[in-house]
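Written below as structure tokens is the structure these notes are about.
The values are calculated or read from the model by the stated rules, or taken from the named source; none is laboratory data. All values reported here derive from a predicted model rather than from experimental measurement. Glycine gets a Cβ as well: all are built from the backbone with ideal geometry, and neighbour counts include every protein chain shown.
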Amino acid sequence: MQLAKFKSIFKRSFVEFYTLMIWTIYMVLIFIEWNKGNIDLKNASFWVLTLFFILFESMAVSFQSFILRKFGEDKTTEMLVSTGVIISVLSAAILPPSLAVLLPLFGYLFLRIKILFSKNYYYFLFNVASLGIITYFTSNFLHLFFNKFGNSLLASTIFITAGSMIYFLLNLGLTITFLFAFYEKISKEIVDFVIGEGRFFNTFSTAVNTLIVYVLYTYIGLFAIPLSLFTFLTIQLSNYYSTKYRNAKIELLTALSKSIEEKDPYTAGHGEKVSEFAVKIGEKFGLPKKDIDLLKTAGVLHDIGKIGIPDFILLKKGKLTDDEYLIMKEHPKKGYEILKQVNEFEDTVAKWVLHHHERWDGSGYPEGLSGEEIPIQARILTLADVYHALISDRPYRSALSKEEAIKIIQEESGKLFDPQLVEIILNLIREGKV
């Protein structure tokens, strides 16, 4: 216990040391500019840009701006993301470096002042200092080249885009270093957190947006910024209501799926367990996070098509007749037709559900796919679905023991199941994780 406590104190001390080092560099830059007499707080453009930084920073989009997250067993607070980076790069181009460096400080004193006086004060110091340093060097870069080559449309296009890339790369470097100091390692989770989920691609779109705002600024002045703010706000509201509509659809589908399960006490909770098993198999296989998230949903909804199957077949206690079995085999197709109504699901969850009764040897349904013709996510669902069915009570038999389930899964490897996935689930069973 004492050793663990010592390690915890040392880790926090190291993080604080790194943070204070970055903060010291930031303060030295401000002092140098102040000592040179370059800081003119009467500059109206500085205060206007600070105001817009605060407004833009309040608008959430998929781009890193202010880190506030812990991994592993710690409580998790999601990274706060915003369009504030657009104003940061814009201020680097419009303001002299001596004022651009102050923008994050004044902005976050307004936005995040409570963090400064909390036990996690180093989050505030790191974010302000890192963004201030990045903005300062980006501003020096832009002013150097604007002074040398002018700020024609072509020059603006090249240098604002390059400035945005420099801003991003410096931010990426400082952020990963901070997280490495905090967690003493660089894991796939941390890398995905920093540049995953489209954030790397959004760097380019942010560069384009910054360029557009800057070009508008050169023609109509500071009025271009509120115009851009209105545009981004409109987009954000559109995305917000689009997401709400999408989530409402998914919630409805989940409710329908659960209503099917609740008709039969033997299948209640089946979707959640299939989802849980599928996620663990998918993670071991190495699927990307986006696929894992979708696979989690697919597990819950994999039997949604049974809503179109008559109850006398669905709830029948005995063996189905050939005609009844043909009707039951339609449920993957029905599930596909339902799920493809969610645009995001058409080529993902819907297709995986469509094929979750295919067999590795090609004897499954509805299309008789075999081997790697079957999407890997569908193969995972098949394995998770069958395994949970084996270890669950059914009207015609009691739940099998894990040993009995393992024997059946081994026998069906290369027939019903993908052999590679069989090895994964067997390891998970032995480890007690499923």
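Considering the conditions (1) crowded, with 22+ Cβ neighbours inside 10 Å; (2) at pLDDT 85 or above; (3) within 16 Å of I54 (Cβ to Cβ), F126 is excluded by exactly one of them, (3). Residues being in contact (Cβ under 8 Å) with a residue 24 or more places away in the chain, more than 23 Å from V215 (Cβ to Cβ) and among the hydrophobic types (A, V, I, L, M, F, W, C) are entirely absent from the stretch 139-152.
Going by the structure shown, is K306 touching a residue at least 24 places away in the same chain (Cβ under 8 Å) and either part of a helix (DSSP H, G or I) or touching a helix residue (DSSP H, G or I) at 6+ places or on another chain (Cβ under 9 Å) (or both)? So K306 passes the test.
Taking the stretch 278-298 as the range and being part of a loop (DSSP other than H, G, I, E, B) and among the aliphatic types (A, V, I, L, M) as the test, only L287 passes. Residue check: V434 meets all listed conditions (1) closer than 16 Å to V274 by Cα; (2) crowded, with 18+ Cβ neighbours inside 10 Å; (3) at pLDDT 90 or above but one, namely (3). Within the stretch 186-207, not a single residue is modelled with pLDDT of 70 or more and either under 30 Å from T297 (Cα atoms) or polar (S, T, N, Q) (or both). Residue count for the stretch 386-419 satisfying the condition of being in a helix (DSSP H, G or I), in contact (Cβ under 8 Å) with a residue 40 or more places away in the chain and out of contact with any His (no Cβ under 9 Å at 6 or more places or on another chain): 2. Only one entry of G173, G132, G150 meets the criterion of being buried (at least 21 other Cβ atoms within 10 Å of the Cβ) and small (G, A, S), and that entry is G132. Can you tell me which residue is modelled with the lowest pLDDT among those in the stretch 1-24 that are within 21 Å of L131 (Cα to Cα) and exposed (fewer than 14 other Cβ atoms within 10 Å of the Cβ)? Looking at residues that are within 21 Å of L131 (Cα to Cα) and exposed (fewer than 14 other Cβ atoms within 10 Å of the Cβ), I get F14. One residue alone among L55, L49 is within 13 Å of L102 (Cα to Cα), at pLDDT below 90, in the same structural domain as Y122 (by TED's automatic domain parsing) and not basic (K, R), and that residue is L49. Condition first: of a type in the set (D, E) and farther than 25 Å from T254 by Cα. Now tell me which residues in the stretch 311-338 satisfy that. D322, D323, E324, listed by residue number.
Among the residues of the stretch 279-294, the one identified as hydrophobic (A, V, I, L, M, F, W, C) and under 15 Å from V342 (Cβ atoms) is L294.
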